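The next block holds one structure in the form of structure tokens; read it before the comments.
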Amino acid sequence: MKKPHLLLVLMVLISGTLTFNSCNQDKKQESNEEAREPDHQGSMEEAHNKTGEETSHEHKHGNTDNATDSDGSKVWSPSGNGIELIKSDFHFITGTTDNINPVVIQGENGGNILELTASGIPAAFVFHNQYGNVGIGVSIKRGDFKGTLKVVHHAKNTSNYEFVAINGNKMKLGRVVNDKEKILDESEFEADAGEWTLLKVSAAGTHYKGYIGDKTITHGHDDEMTDGFVGLMLEGTGQIQVKSIEVFELEAE
Amino acid sequence: METLLPDWAPNIHPMIIHFPIVLWTVAVFIDSLSLFLTKNWLRSMAMTLYALGALGGLAAYLSGKQAIDIVSVPMQGELTAGSHSDWGLYTLLYFGLYAAIRLFLFWKQWDRQKPVGIILVLSSLVGMGLITKTADLGGKLVYKYGVGIKK
């Protein structure tokens with residue numbers, strides 16, 4: 001082999017070995033970091049499966065458990081008097097408690113459940129804190145509710161907010177800006193209205209998603225909106241039950 | 001496509017992503033070498049690798065776009081997933097544009113000129129930076145948040 005060719009082959013071999021080693025070191029460091037990290041996985045699913053009573057034992061914050069978990073999430077679960085609970089933990093951007101008739105009942109397994117009966121007049125109640133990048137998980141049973149249930153975020157008022165809406169087996173992901181609705185994505189999903197369903201929403205930068213459980217149903221992109229409130233909006237009639245609402249403040253890395 | 005996947009693979013994305021990384025890295029190396037050893041075959045080789053790297057980048061981006069809606073991403077990883085997707089797009093656009101410009105200069109044989117060659121190598125290093133950032137975020141998704149580790 002000629003000298004320049006031999007030199008070339010040697011250089012390729014050396015650089016290849018160096019790259020391989022450096023990749024391996026990075027992976028080792030990352031897996032060590034992973035070992036130190038608390039277990040984030042399944043946090044929402046745990047909240048979804050836990051009864052309200054069980055979660056209250058963990059946080060004990062009056063009517064609601066609104067403490068921050070180690071993974072940066074806040075799990076809200078109902079307790080006490082329904083109307084007082086809604087008035088203390090939320091505020092309305094449209095409608096009143098009369099439009100949703102909130103009652104806290106005992107679930108089959110002893111946990112608390114917030115039962116809402118929608119009157120047909122739209123009502124939206126949101127937490128008091130405002131969020132930018134956010135993840136939300138709502139454990140719901142739709143029962144005989146007929147209409148649209150929206151998880152709203154980046155909400156300022158009824159003219160400006162983002163949402164993931166479910167109606168029957170259809171999910172829409174979109175936003176309302178100055179009263180104009182814009183749908184970013186829509187799709188159908190399979191979930192029994194009579195069963196507990198974990199409806200998840202994420203707004204991460206310009207990426208917006210709607211999940212049923214772990215399955216991505218809708219995924220859209222648009223500009224980031226300024227911080228706003230997070231909550232639920234009911235447009236319809238009938239009963240709906242809420243076991244827990246988990247809110248993740250997604251931190252920029 | 002799904003039937004071609006091994007049982008353990010959650011999607012095709014992790015099998016494709018290494019191609020643009022390796023092709024682009026070797027292309028930059030060969031390109032740098034061609035500044036010192038003015039051999040025509042090195043020039044052709046670098047050009048071919050850049051073009052294949054851009055095609056690999058396209059395949060990686062499209063497979064990633066499909067994968068992100070199949071895998072389960074924990075909430076804490078959503079920002080990383082979004083950034084990974086964004087940087088993947090920037091990388092693809094850069095690769096595509098660079099390969100097209102490179103092909104044009106190669107066709108015109110303007111890339112034989114030393115100053116042009118130096119600018120091209122320096123520009124290819126920007127592509128290396130983009131691919132490193134994208135790969136870093138992808139690694140974080142897998143090794144920190146466990147995305148796509150199980151089918």
Inside the range A:199-253, counting only strands (runs of 3 or more DSSP E) that do not spill past its ends, which hold 1 or more residues that are touching a helix residue (DSSP H, G or I) at 6+ places or on another chain (Cβ under 8 Å) and under 22 Å from B:Leu141 (Cα atoms)?
-> A:207-212, A:228-249
Residues of the range B:110-147 being out of contact with any helix residue (DSSP H, G or I) (no Cβ under 6 Å at 6 or more places or on another chain) and not in a helix (DSSP H, G or I), in sequence order, are B:Gln113, B:Gly146
Selection status of B:Leu79, under 30 Å from A:Val247 (Cβ atoms) and part of a helix (DSSP H, G or I) = yes
Selection from the range A:146-189 of residues farther than 19 Å from A:Ala118 by Cα and charged (D, E, K, R) yields A:Lys156, A:Glu162, A:Lys170, A:Lys172, A:Arg175, A:Asp179, A:Lys180, A:Glu181, A:Lys182, A:Asp185, A:Glu186, A:Glu188
Among the residues of the range A:229-253, write down those that are closer than 23 Å to B:Pro74 by Cβ and either at pLDDT 95 or above or touching a strand residue (DSSP E or B) at 6+ places or on another chain (Cβ under 9 Å) (or both).
-> A:Val230, A:Gly231, A:Leu232, A:Val242, A:Lys243, A:Ser244, A:Ile245, A:Glu246, A:Val247, A:Phe248, A:Glu249, A:Leu250
From the set of residues in the range A:121-137 that are within 13 Å of chain B (Cβ to nearest Cβ) and either part of a strand (DSSP E or B) or crowded, with 24+ Cβ neighbours inside 10 Å (or both), which is farthest from the chain's Cα centre (by Cα)?
-> A:Tyr131
Unique residue being touching a residue at least 24 places away in the same chain (Cβ under 8 Å) and either closer than 16 Å to B:Ile12 by Cβ or outside any helix (DSSP H, G or I) (or both) when the list is B:Tyr90, B:Tyr61 | B:Tyr61
Tally of residues being surrounded by fewer than 21 Cβ atoms within 10 Å (Cβ to Cβ) and within 7 Å of chain A (Cβ to nearest Cβ) across the range B:34-78 | 3
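Can you report the number of residues in the range A:158-197 which are in a loop (DSSP other than H, G, I, E, B) and either closer than 21 Å to A:Gly95 by Cα or away from chain B (no Cβ under 14 Å) (or both)? Lay out the reasoning, then the answer.
Step one: filter the range A:158-197 for residues in a loop (DSSP other than H, G, I, E, B), giving A:158-159, A:168-169, A:178-179, A:189-196.
Next cut, either closer than 21 Å to A:Gly95 by Cα or away from chain B (no Cβ under 14 Å) (or both) only: A:158-159, A:168-169, A:178-179, A:190-196.
Adding up the residues that qualify gives 13.
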For the range A:198-213, does any single residue satisfy the condition of being farther than 18 Å from B:Val147 by Cβ, touching a residue at least 60 places away in the same chain (Cβ under 8 Å) and away from chain B (no Cβ under 14 Å)?
-> no
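The values are calculated or read from the model by the stated rules, or taken from the named source; none is laboratory data. Predicted model only: the values in this text are computed from it and were never measured. Cβ sites come from the backbone with ideal geometry, for glycine too, and all protein chains shown count toward neighbours.
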